[in-house]
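Scroll down for the structure; my scribbles are underneath it.
The values are calculated or read from the model by the stated rules, or taken from the named source; none is laboratory data. Remember, it's a predicted structure, so these values are computed and weren't measured experimentally. Positions of Cβ are backbone-derived with ideal geometry, glycine not excepted, and every protein chain shown enters the neighbour counts.
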Amino acid sequence: MRQRKWARRELLGVTAGSVAGMLFAEPLRAAAPPPGAVTPALIEAARKEGKVSYYAAIELNVAERLGKMFEAKYPGIAVRVERSGAERIFQRIAQEQGSGIHAVDIANSTDVAHYLEWKKNGWLSPYLPEDVAKHFPADQCDPDGMYATSCAWLETIGYNTNLVKAEDAPKGYADLLDPKWQGKIVKGHPGYSGAILTTTFVLSREFGWSYLEKLAQQKVMQVQSAGDPPKKIMLGERAVMADGNDYNLVLFKDQGKPVEVVYPIEGSPLIIVPSGVFQNAPNPNAARLFQNFFFSAEAQQMLVDEFAHRSFHAEVKPRAGQKPMSELKMLKSDPVAVQAQSEEIKARYAKLFKV
C-alpha cells in the first residue's frame, strides 16, 4: 500500500497572526513545568530504557557528535540518530503519529512552525531542562516548557575567494541580481530545508516575490539543504551562494578553504533550532536526560567551538574570531505566518525556480 504524502495544509491548522518581537507565539497557556534536573533516579531509569531515538534536522556530523558525547557521559544508553531535512522530519512524524506509531523520543527542527503544530496536537511533553530555566533568555523558550532553542545560526551570502575578488563580491541581496552572477549562484530549497523555508519567507516579506522572481532568472544551481551551498562554493562548483548557513563557511575558512562569508547589508535571516520531547516517547526518561544534556553548558560550548553554531546559554563563551550576533543586523521570522504560508511558499518557489 502506498504511504500517503500529507499536504502541509492538512497538518497545519493555525491562521497567521502577529508575533512581532517574539520567536515563539503561543495561542494557549498552561502551567509551566518545574525545571527538570539530572538526578541519579533519572539516569537509572534512562539506563533501563537503554536507548533514545533522536530525529535531527541539524547536520548529521553535528547530531552524531552530540550522540557520541551523550553516550560517553552516560554509558549504556545508545543514541539512534535519524537525520533529514526539517520538512521531511515534519512529514515523517505526522505520518507516524497518524498511524499510531510512537518512534520518536526527541526531535529538533529548523522550522519553528513545526513546534506550534506539534504542541497544538498534544504531541509534545512539557519538560524544561534546568539549564534552560537558569541560563536561557525567556524568548528562547516556550512558556509552557514544550520546547526551547537548542542552537542557532544565520543564513548568509558567501563566495569562493579563488573565483571572486573581495572588491567584486556581493555585499547584499540586491547585488545578486547583477547579470555578472548569472549561472554562478547556488542556493537551497524550501521544500526540503526548514532553514531555507524560513529564509524564503523572510526574503519574500522584506523584498517581495518580485525579488525572488528576478533571482530565479539568474540560472541558479538548486541544492537541498542549507548546508549544501557552502560546500558547492568551497569546491568551486559555483562562485557565490545566495543562501546557506554561515557556520560551514566559518569552519571552511578556518581550514584554509577559499571561502568568505558575507553578512548582507539588508540583514541576515536568523535560524533558530528548537528541541522538544514527545508525549508518547518510547524512552521518556532517556529523552529527558538527552534534552538536559543538549542544553547543558558542556554540549552548548561544543556546538559553538567545534561547529560554529550560536548558543543562547549565558555561560557559553563565544567562538574566537566569529562575529557575535550582537554586532549583526538580523532578520527574524514569524513562525505563525510561516506555518500558514508554507505550502504557498513552496509551490510559488518551485514554479519560479522550476524545481
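For GLU298, the test of being surrounded by fewer than 19 Cβ atoms within 10 Å (Cβ to Cβ) and farther than 21 Å from LEU203 by Cα is passed.
At least 1 residues being within 30 Å of GLN279 (Cβ to Cβ) is the threshold, and among the strands (runs of 3 or more DSSP E) wholly inside region 142-251 those reaching it are 148-154. Take the conditions (1) in contact with an Asp or Glu (Cβ under 7 Å, 6 or more places away or on another chain); (2) buried (at least 21 other Cβ atoms within 10 Å of the Cβ); (3) farther than 30 Å from ILE185 by Cα; PRO126 misses just one of them, which is (2). When region 51-72 is filtered for residues that are among the basic types (Lys, Arg) and more than 17 Å from VAL277 (Cβ to Cβ), the ones remaining, listed by number, are ARG65, LYS68. In region 268-278, the count of residues that are of a type in the set (A, V, I, L, M), touching an Asp or Glu at 6+ places or on another chain (Cβ under 8 Å), in the same structural domain as LYS51 (by TED's automatic domain parsing) and more than 19 Å from MET330 (Cβ to Cβ) is one or more.
Residue-by-condition table, conditions (1) among the polar types (S, T, N, Q); (2) closer than 21 Å to VAL104 by Cβ; (3) outside any strand (DSSP E or B):
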site: ILE271; (1), (2), (3): no, no, no
site: LEU289; (1), (2), (3): no, yes, yes
site: ALA299; (1), (2), (3): no, yes, yes
site: VAL316; (1), (2), (3): no, no, yes
site: ALA320; (1), (2), (3): no, no, yes
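Limited to region 59-86, what total is found for residues that are touching a helix residue (DSSP H, G or I) at 6+ places or on another chain (Cβ under 6 Å) and touching a residue at least 60 places away in the same chain (Cβ under 8 Å)?
So the first thing to find is which residues in region 59-86 are touching a helix residue (DSSP H, G or I) at 6+ places or on another chain (Cβ under 6 Å), and the list is 62, 70, 76-77, 79, 81, 83, 86.
With touching a residue at least 60 places away in the same chain (Cβ under 8 Å) added as a condition, the list becomes 62, 70, 77, 79, 86.
Looking only at that region, the number is 5.
Taking the conditions exactly as written (in contact (Cβ under 8 Å) with a residue 12 or more places away in the chain, within 30 Å of SER296 (Cα to Cα) and out of contact with any Cys (no Cβ under 7 Å at 6 or more places or on another chain)), does THR161 satisfy them or not? No, not satisfied.
Condition check ((1) within 21 Å of GLU87 (Cβ to Cβ); (2) surrounded by 24 or more Cβ atoms within 10 Å (Cβ to Cβ); (3) basic (Lys, Arg); (4) not assigned by TED's automatic domain parsing to the domain that holds PRO282) across all residues:
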residue	(1), (2), (3), (4)
ILE101	yes, no, no, no
ILE106	yes, yes, no, no
SER109	yes, yes, no, no
LYS119	yes, no, yes, no
GLU130	no, no, no, no
ALA133	no, no, no, no
CYS141	no, no, no, no
ASP144	no, no, no, no
TYR147	yes, yes, no, no
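Scanning region 106-150 for residues that are under 18 Å from the mean Cα position of the chain (by Cα) and of a type in the set (Gly, Ala, Ser) returns ALA107, SER109, ALA113, ALA148, SER150.
Inspection of region 139-151 finds a residue satisfying the criterion of being within 23 Å of VAL259 (Cβ to Cβ), of a type outside the set (Phe, Trp, Tyr) and in contact (Cβ under 8 Å) with a residue 24 or more places away in the chain. When the residues of region 310-339 are filtered to those that are crowded, with 23+ Cβ neighbours inside 10 Å and at pLDDT 95 or above, the one that is nearest to ASP254 (Cα to Cα) is ARG310.
Report yes if some residue within region 32-55 is of a type outside the set (Lys, Arg), assigned to a strand (DSSP E or B) and either at pLDDT below 50 or within 30 Å of PHE201 (Cα to Cα) (or both); otherwise report no. Step through it out loud before you land on a result.
Residues of region 32-55 of a type outside the set (Lys, Arg): 32-46, 49-50, 52-55.
Keeping just the survivors that are assigned to a strand (DSSP E or B) gives 35-36, 52-55.
Subsequent filtering for residues that are either at pLDDT below 50 or within 30 Å of PHE201 (Cα to Cα) (or both) retains 54-55.
Yes, there is a match, as at least one residue in region 32-55 is of a type outside the set (Lys, Arg), assigned to a strand (DSSP E or B) and either at pLDDT below 50 or within 30 Å of PHE201 (Cα to Cα) (or both).
A count restricted to region 172-188 and to residues that are touching a helix residue (DSSP H, G or I) at 6+ places or on another chain (Cβ under 6 Å) and farther than 14 Å from LYS219 by Cα stands at 0. In a residue-by-residue description of region 333-345, the property of being part of a helix (DSSP H, G or I), under 21 Å from PHE70 (Cα atoms) and either aliphatic (A, V, I, L, M) or touching a residue at least 12 places away in the same chain (Cβ under 8 Å) (or both) applies to no position.
Can you tell me which of ALA103, ALA72, ALA94 is more than 20 Å from the chain's Cα centre (by Cα) and part of a helix (DSSP H, G or I)? Quick ask: steps written out before the conclusion?
Details: ALA103 fails: part of a helix (DSSP H, G or I); ALA94 fails: more than 20 Å from the chain's Cα centre (by Cα).
After ruling out the rest, the residue left standing is ALA72.
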